[in-house]
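The structure appears below as structure tokens.
The values are calculated or read from the model by the stated rules, or taken from the named source; none is laboratory data. No experiment lies behind these values; they were computed from the predicted model shown. Backbone-built Cβ (ideal geometry, glycine too); neighbour counts: all protein chains shown. Please note that ligands, DNA and RNA were not included when accessible areas were found on the heavy atoms of the full protein model with its side chains. Shrake-Rupley method; radii C 1.70, N 1.55, O 1.52, S 1.80 Å.
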Amino acid sequence: MGTVTEPRSRRRMSGSERREQLIHISRTLFAEKGFDGTSIEEIAATAQVSKPVVYEHFGGKEGVYAVVVDREMQKLLGMITEALSASHSLIKLERAALALLRYIEESSEGFRILVRDSHVASGTGTFASLISEIASQVEDVLADEFAERGYDPKLAPMYAQMLVGMVALTGQWWLDVRKPGREEVAAHLVNLAWNGLTGLNPNPTITAISRSHAAAPAAKQRTNDKELRELEKAREKELKEAEKARQKELKEAEKARVRELKERERLLKEAEKAREREEKIRQREARLAERAARLGQGDQPE
């Protein structure tokens, strides 16, 4: 009886190709069923190999899972790190939000793997580790920004957790709903983070430079670096001017409020003086009436 040989198409696959095939198959299964719901038998069967082949490459299910998770984390971290290389804080925030949403859009299976077995608020698991690493990078950015604005840089770690947590949880929500679109979600995220609840823009949009950066292919991005830097400088100037105008408006509004308070205080004082005058007149009239009454009683015949 002859030995059973593998089909030629599978026999030609090199060791590195087989490894990549197993990683790809495992990634899909982990995304669909989670770590506990996926077995070595299923991975091997889907790849049409024996279980020992999987063990040979990864040592077990934990090994292949670790490789899949590490690749996804490095991919997302790379995208976030590149986004945070912009010079202006608003551009950093826009690009980071767009990077996360683009990763979710293009690597839905990978993001499901990262968030399936751990929640961002749990403090444990792969996603919590990822959030912690991203927050560390954002912390450095915020510390510099706080120092420039006169805020306490020691508060940067707390604000980094707030900011990254907000974006990450929004990403988990958007993973399934996918509405509104990526740029619109990013614009609203930045709107809340940058303007705060009291200064929300009713119709926020992503800046043109962040939009062009997200849309341009990698090769085009490299050739347009000079143009992008010029656009970014122009946008920074525009943002600074807008901030100056906003501060001027706030100062004018504060001056108007002070004037209004002073005018109100003046009117209250005048009203109080008027009441005091009326009270004095009333008291004088009462005294005169009392005196007249006593004189009237003295004039009566005995």
> Restricting attention to the stretch 55-86, which residues are touching a helix residue (DSSP H, G or I) at 6+ places or on another chain (Cβ under 6 Å) and among the hydroxyl-bearing types (Ser, Thr, Tyr)?
Replying inline: Tyr65
> From the residues in the stretch 25-50 that are at pLDDT 90 or above, surrounded by 14 or more Cβ atoms within 10 Å (Cβ to Cβ) and not β-branched (Val, Ile, Thr), which one is nearest to the chain's Cα centre (by Cα)?
Replying inline: Ala31
> Does at least one position in the stretch 152-159 carry a residue that is acidic (Asp, Glu) and part of a helix (DSSP H, G or I)?
Replying inline: no
> Is it true that some residue in the stretch 164-182 is in contact with a Ser or Thr (Cβ under 9 Å, 6 or more places away or on another chain), under 30 Å from Val64 (Cβ atoms), surrounded by 16 or more Cβ atoms within 10 Å (Cβ to Cβ) and among the aromatic types (Phe, Trp, Tyr)?
Replying inline: no
> So, of the residues in the stretch 66-98 that are assigned to a helix (DSSP H, G or I) and free of Cβ contacts under 8 Å to residues at least 24 places away in the same chain, which turns out to be nearest to His188 (Cα to Cα)?
Replying inline: Ala83
> In the stretch 183-202, which residues are of a type in the set (A, V, I, L, M, F, W, C), over 25 Å from Ala31 (Cα atoms) and either surrounded by 10 or more Cβ atoms within 10 Å (Cβ to Cβ) or modelled with pLDDT of 85 or more (or both)?
Replying inline: Ala187, Leu189, Val190, Leu192, Ala193, Trp194, Leu200
> For the stretch 134-154, how many residues meet the condition of being open to solvent by 80 Å² or more (accessible area, probe 1.4 Å), of a type in the set (Asp, Glu) and more than 12 Å from Leu84 (Cβ to Cβ)?
Replying inline: 1
>> Conditions first: (1) open to solvent by 90 Å² or more (accessible area, probe 1.4 Å); (2) at pLDDT below 85. Ala292 passes all but one, so which condition is the exception?
In response: (1)
> Taking Arg178 and the conditions (1) within 27 Å of Ser87 (Cα to Cα); (2) more than 14 Å from the chain's Cα centre (by Cα); (3) among the basic types (Lys, Arg), which numbered condition does it fall short on, given that it satisfies the others?
Replying inline: (1)
